[in-house]
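Read the structure below first, then the notes.
The values are calculated or read from the model by the stated rules, or taken from the named source; none is laboratory data. Nothing here was measured: the structure is a model prediction, and the numbers come from that model. Cβ atoms come from the backbone with ideal geometry, glycine included; neighbour counts cover every protein chain shown. These area figures cover heavy atoms from the full protein model, side chains too; ligands, DNA and RNA do not enter into them. Shrake-Rupley method; radii C 1.70, N 1.55, O 1.52, S 1.80 Å.
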Amino acid sequence: MDTSTLTVTRRIPTKGKNPEHAVWSPDGAWLYASAEEADSVDIIDVAKGAVVKSVKVGDRPRGIGFLPDGTRAYVAAENADTVNVFDVAGQDVIARIKAGSRSNGVIVHPDGKHVFVTSGGEGTVKVIDTATNAIVAKVAVGKRPWNMALTPDGKKLYVACGRSNRAAVIDTTTYAKVADVDVGSLPWGVAIR
């Protein structure tokens, strides 16, 4: 979409049915798209305007996050309970991390050292150390956490907990939940401005 004219400038068909997440690489060269009714992530070459590769990640791929330097992407596969680590240059999965029941939302800390992943079945947020791709912390947040947003300074993480009707707030230094905010029925995502 052209944001100045609010018109559609291009349509790119995806292979995955019912696409839900589409995330740009930091350099804008790639667009990764996940779909609820798929087992693969579509990699779109933005210059070509086409899907150039579909990579199997497990059933129902969901959240996507790129490291700030654009070298890796982290993609949750909800029904496979994993997070797939992509080498962006090689366009393939280089690691799979068991991330808890119903892995869903993904967000990367601005320093690139940690990735946060919601586990909807466990009611937790897992913290992945990007140097080792190991889970280094688990934070209980509430029922059915979905998507998240970080404050611009990266110090607080807000998590939409759909079945709790709240947003949980995590201190990203201590990995402790510091607050719950009542937000109404079934929150799915968070935006911070």
To the nearest 20 debye, the stretch 97-193 has a Cα-centred charge dipole, built from +1 on Lys and Arg Cβ and -1 on Asp and Glu Cβ, of 260 debye
Accessible-area order for 62, 10, largest to smallest, probe 1.4 angstrom, reads 10, 62
Expressed in Å to one decimal, the Kirkwood Rh of the stretch 132-193 from all distinct alpha-carbon pairs is 11.8 Å
Checked against the structure, the computed Kirkwood radius over Cα pairs in Å among [x] 16.7; [y] 18.0; [z] 19.2 is the one labelled [x]
One finds the C-alpha centres of the stretch 68-98 and the stretch 115-193 to be spaced, in Å, by 19 Å
Note to self: with every protein chain in place and a 1.4 Å probe, the chain gives an accessible area per residue in Å² of 48 Å²
Carbon plus sulfur, as percent of the 1.4 Å-probe accessible area of the chain, comes to 51 percent
With the stretch 1-76 reduced to its Cα atoms and the Debye formula applied, log10 I(q)/I(0) at q = 0.17, 0.24 1/Å amounts to -0.64, -1.13
